[in-house]
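Asker: What follows is a single structure, and I will ask about it in a moment.
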């Protein structure tokens, strides 16, 4: 309230324009809910109660089953999940998604098991073959990764074999294999059509299980035929269910899949179109950063599509004052010449806050906003800082000549020339930060050679490490070494020099009465400086 009154007073005096820049919301409450141990164990307890209720439904030995179920779930939840899916264990939101997918798929299987006795095909109850155990593993793999997918597939097969359809090891093995196959084939889904292909592959795995296990446990021709036909349909139906449910789960649990990242990579986004028209140099710089970051992310198994999309948007804040950035300069005059270094630095640093403002206005996703905020970390605007230091030295010399007091000169504070941060918090954000620095610095190379490119990349990355800009990015030294090699390789390909072809000396027979034709220069170096 007091800040609002203070701002109203500044507006009245003409010292403020009255406009408010959008800011990203504070993360304190979100982080508290995300990482609270109390909430984590509440989610586990809620999932345990739900699983007990589902498995004891229409079951005779309720208490015995409940005791065994509690023991199995507690062992799996407290041992396997932290080891195989640490990200899920550390995030209450992902843990809730994990419990939701597991319980939902188990509830579907139990419902089919209870009510499927009334459905018959060729005198065979469909309750025996209606076991869709690939839905939750596929969704878990797409939304959270293969680790949670394998755990859910294992738990569905185990719980189904013990409590849903006891005495049928063939059903348990078939559920386990189809669940593992769904997880394995869903690791690299980039388009929605890929989901259908995964469904087809799961169908083929189910068909193989139906035939092989059918001959081993129930060699009845009609049973094997019905189970085989249903296995083919079940994989395709699973693919359609996953395609329909996936967008709702993405929105509900704030997850971004590779499918969504690929959709966001469309260069026709309004912000990117503005960038290409109003800040062409920044737009081309962003494309180069995207190529560098994507190649580097592939080398260390980070998310390359996320790196590409975030690179497109990382400098959109320059749209506020594009002419103050050197890559967008269209004239020989420099707008910074009439400004003092502190003001120039303020304009340069403000592109981060302006970028967050534009991202919030256009509803960009949180990882993109995080990259905009973090891609410069707390680094120093070195050029203008050095310029300010030099001006202060010159002023001190003038004061000494005129015999004035040096205390009257303002101090140059380094923090005034630093970005506000924070430093990169994820691998993808750190990769984009390095790619941005390397691409910008590579523009100053004259006649780039392999040695110059290697020295530039290694020097910039070592400087970032010394400044502590990568300390919270979760990058290991081995990954940083791999990134360095990939940056060097990609930058060499981007800056490779054109071969200087020798000019062939040809003797031309000229008619002395005919003037030779005027030809265009072979290269830019041969062209005259002035017309």
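Asker: Most exposed first by the Cβ proxy, i.e. fewest other Cβ within 10 Å, how do 356, 431, 369 rank?
Answerer: Least to most surrounded, the residues fall as 369, 356, 431.
Asker: Please list 450-461, 260-271 highest first by mean number of surrounding beta-carbon atoms within 10 Å per residue.
Answerer: Ranking the peptides 450-461, 260-271 by packing returns 450-461, 260-271.
Asker: State the extension gain, in nm to one decimal, for the chain segment bounded by residue 266 and residue 229, taking 0.36 nm per residue of separation less the distance between their alpha-carbons.
Answerer: Residue separation times 0.36 nm, minus the Cα-Cα distance, leaves 9.3 nm.
Asker: Quick check: residue separation of residue 78 and residue 188 times 0.36 nm, minus the Cα distance between them. What number comes out in nm?
Answerer: Difference between extended and current length: 36.8 nm.
Asker: Give me the number: length gained by fully extending residue 36 to residue 465, i.e. 0.36 nm times residue separation minus the C-alpha to C-alpha distance, one decimal in nm.
Answerer: Value of the extension gain: 151.3 nm.
Asker: Ranked by Cβ crowding within 10 angstrom, fewest neighbours first, how are 191, 418, 464 ordered?
Answerer: Listed from fewest to most nearby Cβ atoms, that is 191, 418, 464.
Read the figures in this text as sums done on the coordinates, not as results from a lab. Note that the structure is predicted; figures quoted are calculated from it, not measured. Ideal geometry is used to build each Cβ from the backbone, glycine not excepted, and the neighbour counts take in all protein chains shown.
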